[in-house]
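Below you'll find the structure, written out as structure tokens, and then a few comments.
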Amino acid sequence: MSNNFLIKKELFLQLRSLINSCGYGHEDSFWGIQFEQLGIESINVKNPVFHSFLERSQVFMVKSEKALENLLLLKMLSQLIQTC
């Protein structure tokens, strides 16, 4: 799940909770798509995250591939939501 964001409970309850059944990565992108569809503007706050260690290249690449696959799935879900 995403972290480092602030949202009113009423708005959060409007969001589709299909994310739980999806894979790794881009949950925040999916929420952003839903915000856009609802006409809600988001504000980005500069709040960088610093990692205390780096992953091995192979682990990073596997996670990146999974995140891209999930992004495609979430895009298809958002298109499906628009037609409902």
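Descriptive notes on the structure:
- Residue in segment 7-14 that is surrounded by fewer than 11 Cβ atoms within 10 Å (Cβ to Cβ), assigned to a loop (DSSP other than H, G, I, E, B), at pLDDT 75 or above and of a type in the set (Asp, Glu) present: no
- The set of residues from segment 62-76 being at pLDDT below 90 and not small (Gly, Ala, Ser) comprises 63, 66, 68, 69, 70, 71, 72, 73, 74, 75, 76.
- Residue 40 vs. criteria modelled with pLDDT of 80 or more and within 22 Å of residue 14 (Cα to Cα): yes
- Any hit, segment 39-56, residues being outside any loop (DSSP other than H, G, I, E, B) and surrounded by 11 or more Cβ atoms within 10 Å (Cβ to Cβ): no
The values are calculated or read from the model by the stated rules, or taken from the named source; none is laboratory data. Fair warning: this is a prediction, and the values are worked out from it, not measured in the lab. Positions of Cβ are generated from backbone atoms using ideal geometry, with glycine treated the same way; all protein chains shown enter the neighbour counts.
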